[in-house]
1. Test of understanding: in a Gaussian network model of the chain with alpha carbons linked when under 10 Å, which of Lys175, Lys250, Lys359 would top the mean-square fluctuation ranking?
2. What is the percent carbon and sulfur in the accessible area of the stretch 14-96, measuring with a 1.4 Å probe over the protein chains and ignoring ligands?
3. With angles folded into 0 to 90 degrees, how steeply does helix 368-383 sit against the dominant principal axis of the chain? Use alpha carbons for both and round to 10.
4. Between Gln110 and Arg356, what length comes free when the chain is fully extended (0.36 nm per residue of separation minus the Cα-Cα distance, one decimal in nm)?
5. Could you calculate the contour length gain from Ala336 to Lys140, that is, 0.36 nm times the residue separation minus the distance between their Cα atoms, to one decimal place in nm?
6. Treat every Asp and Glu Cβ in the chain as -1 and every Lys and Arg Cβ as +1, leave all other atoms uncharged, and give the resulting dipole magnitude about the Cα centre to the nearest 20 debye.
7. By the scheme Lys and Arg +1, Asp and Glu -1, what is the net charge of all other residues having a beta-carbon under 13 Å from that of Pro295?
8. Would you mind computing, in nm to one decimal, how far apart the modelled labels at Glu290 and Gln262 are, each placed 7 Å from Cα along Cα→Cβ?
Amino acid sequence: MMLKHRAAYVAFDLFPTAKGASTHISHMARFLFGKYGGGLLMTLGTPLFPRSEIEGNIEIDRYNSTLPNYLDRGHAFGLHVHERLQRIPSLEVVHFRDIWSGMAVLQERQKYRTLFEVNGLPSIELPYRYPSIMTSTLDKIRDRENWCFTKSDHLIAPSSVIKQHLIHRGIDEQKIDVVSNAAHSAPLFAKVADLPQHYLLYFGALQTWQGIDVLLKAFALLKDRDELRLVICCAGKKKYSKIYMKLAEKLGVGQKVIWLFQLEKKTLNTYINKALMTIAPLKACSRNVEQGCSPLKIFESMACGTAVVASDLPVIREIIDDGISGKLVAPDRPQALSRAIRLLLEYPEKRLALARAGKALITSTYNWDNIEKKMSHLYEEKFCYEQ
């Protein structure tokens with residue numbers, strides 16, 4: 001059955017997964033489809049996911065590629081997206097979040113309008129994933145990014161840092177809106193047995209820019225706190241944690257670090273809620289400083305009523321007021337991070353005050369209801385929405 005979609009959301013990401021990107025995709029697609037009476041969601045898939053799903057007026061199309069090369073997979077996904085969109089003449093808006101989707105969406109397009117949601121740029125991120133990638137390849141990718149920026153009708157970015165990066169790349173400021181990440185102001189919790197009694201928490205992915213090594217070194221400086229544990233809830237598979245498990249053993253804290261993988265959302269929320277504090281030790285690297293980000297883990301920690309200790313970076317200062325709604329620490333400095341954690345362990349009233357202020361910030365500002373209103377207004381203003 002071919003639905004006459006008015007809107008499509010396209011993402012070169014697996015969906016659904018335990019990662020923050022998947023949470024963001026779910027919300028943004030829901031906002032778009034709610035505005036346009038349904039739509040088509042095109043993402044990556046695996047043999048474990050249904051290739052196609054239709055529920056009411058929403059269709060999910062997952063592309064499963066076995067190609068080993070990342071760039072080949074991106075190209076193949078783009079071909080699939082382009083072919084599919086050309087068969088939907090009823091489309092009015094296509095919202096996409098990466099250049100592989102964008103190259104397909106923007107080439108030989110029909111009358112639909114386009115919105116590029118710029119969360120991450122492969123010209124900046126790929127060298128962390130593939131250190132041997134050639135400069136000439138990155139230059140070509142950067143050219144494709146610039147082409148997508150220019151050809152898109154409008155862009156959104158999750159932080160002012162990313163917006164400034166786009167302006168530096170030559171994009172008109174009036175063409176870009178900042179739409180931050182958010183969290184549910186009343187998250188759902190599960191009953192979890194055998195929670196550690198006293199623990200710090202990191203949750204999310206394990207890319208090098210996340211600063212897991214910095215966290216482990218800081219935790220090793222807290223060895224005198226015999227009761228303290230570090231829980232790391234990984235969004236990815238266990239194989240990606242092995243290098244950090246070895247580091248924890250080398251630092252002498254292997255027995256005090258608890259590793260969990262791909263937790264269901266309500267269970268993860270419980271771990272967040274019961275933690276003494278959560279840590280977001282982002283590194284001061286080009287991915288976090290030049291490009292920027294909007295860490296979902298910070299919003300979700302505050303929503304669960306837990307104090308956040310995070311790296312003092314411009315993107316984090318957009319969210320956290322140091323000493324009021326969270327604690328900021330110089331990045332890449334295990335000793336400074338350890339001192340900040342120790343201070344909050346020794347002064348629980350300060351930790352609770354940070355948690356309360358963070359929770360209030362989610363309730364007043366950074367909640368998905370507010371983001372939905374902002375997106376609804378944007379669609380009406382920029383895309384001539386009609387019911």
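1. Lys250
2. Summing carbon and sulfur atoms, their accessible area is 58 percent of the total for the stretch 14-96.
3. 30
4. Stretched fully, the Gln110-Arg356 segment lengthens by 83.6 nm.
5. 66.6 nm
6. 880
7. Result for the local shell: +3.
8. If labels sit at Glu290 and Gln262, their model points lie 3.3 nm apart.
The values are calculated or read from the model by the stated rules, or taken from the named source; none is laboratory data. Not measured: the values here are computed from a predicted model. Note that we place each Cβ from the backbone using ideal geometry, even for glycine, and neighbour counts take in every protein chain shown. SASA here: full protein model, heavy atoms, side chains in, ligands and nucleic acids out. Shrake-Rupley method; radii C 1.70, N 1.55, O 1.52, S 1.80 Å.
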